[in-house]
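Here's the structure we're looking at; comments come further down.
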């Protein structure tokens, strides 16, 4: 089964544009990752604690993006949502590990992103 990838969420596009300056191959790196995720959408790590903000059919994941010259550990992370009912994957945000003082995105930022996404799709 293959899922549709809808990469039109403005915060994702803004974060992609920002990272193009540091990672010159980010567009092709993301295209490769999207091919993998289209076939295996649950490949990333499950982000727990956000289910109350999501629909019953929605799950939040994060995955490291492998980039040329940086590998996975030095590359950006992708936060994405999978919707079973819509058979779709929605990239929400690309970020660097060093963007946050903790290994994960703070809960407040996750709430903000999910809230913005809910408004965007309604």
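The values are calculated or read from the model by the stated rules, or taken from the named source; none is laboratory data. Note that the coordinates shown come from a computational prediction; the quantities given were computed from them, not determined experimentally. Quick reminder, even Gly has a Cβ in these numbers, built from the backbone with ideal geometry, and neighbours come from all protein chains shown.
How about segment 3-28: which of its residues are touching a strand residue (DSSP E or B) at 6+ places or on another chain (Cβ under 7 Å), surrounded by 12 or more Cβ atoms within 10 Å (Cβ to Cβ) and over 15 Å from residue 67 (Cα atoms)?
Result: 3, 5, 6, 7, 9, 11, 12, 15.
Mind counting the residues in segment 96-113 that are in contact with a helix residue (DSSP H, G or I) (Cβ under 7 Å, 6 or more places away or on another chain) and crowded, with 19+ Cβ neighbours inside 10 Å?
Matching residues across segment 96-113 total 1.
Taking the stated definitions as given, is residue 45 surrounded by fewer than 16 Cβ atoms within 10 Å (Cβ to Cβ), closer than 23 Å to residue 111 by Cα and touching a strand residue (DSSP E or B) at 6+ places or on another chain (Cβ under 6 Å)?
Judged against the criteria, residue 45 is a match.
Picking from 54, 60, 78, which residue would you name as being surrounded by 15 or more Cβ atoms within 10 Å (Cβ to Cβ) and under 16 Å from residue 26 (Cα atoms)?
Exactly one of 54, 60, 78 is surrounded by 15 or more Cβ atoms within 10 Å (Cβ to Cβ) and under 16 Å from residue 26 (Cα atoms), namely 78.
Can you pull out every residue in segment 52-107 that is modelled with pLDDT under 90 and outside any loop (DSSP other than H, G, I, E, B)?
52, 53, 67, 71, 97, 98, 99, 107
Mind counting the residues in segment 65-75 that are surrounded by 15 or more Cβ atoms within 10 Å (Cβ to Cβ) and either touching a strand residue (DSSP E or B) at 6+ places or on another chain (Cβ under 6 Å) or under 23 Å from residue 8 (Cβ atoms) (or both)?
3
Being in a loop (DSSP other than H, G, I, E, B) and modelled with pLDDT of 95 or more is the filter here, so list the residues in segment 6-49 that pass it.
Those that are in a loop (DSSP other than H, G, I, E, B) and modelled with pLDDT of 95 or more: 6, 7, 8, 9, 40, 41.
Among the numbered criteria (1) farther than 23 Å from residue 18 by Cβ; (2) touching a helix residue (DSSP H, G or I) at 6+ places or on another chain (Cβ under 7 Å), which one does residue 116 miss?
It fails just one condition, (1).
Here's a check for you: in segment 33-42, which residue that is touching a residue at least 24 places away in the same chain (Cβ under 8 Å) and under 14 Å from the mean Cα position of the chain (by Cα) is surrounded by the fewest Cβ atoms within 10 Å (Cβ to Cβ)?
Going through the qualifying residues, I end up with 42.
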